[in-house]
Amino acid sequence: MTLNQAYIFLGFAIVAEVIGTTALKASDSFTRPVPSLITVGCYALSFYLLTFSLRVLPTGIAYAIWSGVGIVLISLVSWLYFKQSLDLAAIAGLGLIIAGVLVINLFSKSVGH
């Protein structure tokens, strides 16, 4: 598997995790069956796809990207779809997460470029 393929799998794992987390909110504490099933299915798919990226990427790096990008995306989904507000501190924190992911990908020798 190439590095590009690992990142593609990682990207799809992130999308599945964001869909699963969005459905988790809609599941109303697992009291609604369809969103609950979507949550479980998407989380399972996300972890399955993540395993493919781990063939090439170091575990800590892949997990940092998976969780960091997932946090930023679910925050955006929550803001747009659920109308949840983000204050300045939250936006600054999300900016720091993005900066961290960029530093890992652009400057870390742990990830082959």
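The values are calculated or read from the model by the stated rules, or taken from the named source; none is laboratory data. These figures come from a predicted structure and were not determined experimentally. No Cβ is skipped: glycine too gets one built from the backbone with ideal geometry, and neighbour counts run over all protein chains shown. In case anyone asks, the SASA skips ligands and DNA or RNA and just uses the protein heavy atoms, side chains included. Shrake-Rupley method; radii C 1.70, N 1.55, O 1.52, S 1.80 Å.
Selection of the stretch 1-40 for residues being over 25 Å from Gly60 (Cα atoms), open to solvent by 70 Å² or more (accessible area, probe 1.4 Å), of a type outside the set (Lys, Arg) and not in a helix (DSSP H, G or I) yields Asp28, Ser29, Phe30, Thr31.
Which one of these is within 12 Å of Gly11 (Cα to Cα) and open to solvent by 30 Å² or more (accessible area, probe 1.4 Å): Ser53, Ser67? Talk me through it step by step, then tell me what you get.
Details: Ser53 fails: open to solvent by 30 Å² or more (accessible area, probe 1.4 Å).
Within the list Ser53, Ser67, the selection yields Ser67.
So that you can scan it fast, the table gives a plain yes or no per residue for (1) under 20 Å from Thr21 (Cβ atoms); (2) more than 16 Å from the chain's Cα centre (by Cα); (3) surrounded by 12 or more Cβ atoms within 10 Å (Cβ to Cβ):
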site	(1), (2), (3)
Leu57	no, no, yes
Gly60	no, no, no
Leu86	yes, yes, yes
Ala89	no, yes, no
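Scanning the stretch 64-113 for residues that are at pLDDT below 90 and not in a helix (DSSP H, G or I) yields Ser108, Lys109, Ser110, Val111, Gly112, His113. Annotation: Val56 fulfils all but one of (1) in a helix (DSSP H, G or I); (2) touching a residue at least 24 places away in the same chain (Cβ under 8 Å); the unmet one is (1).
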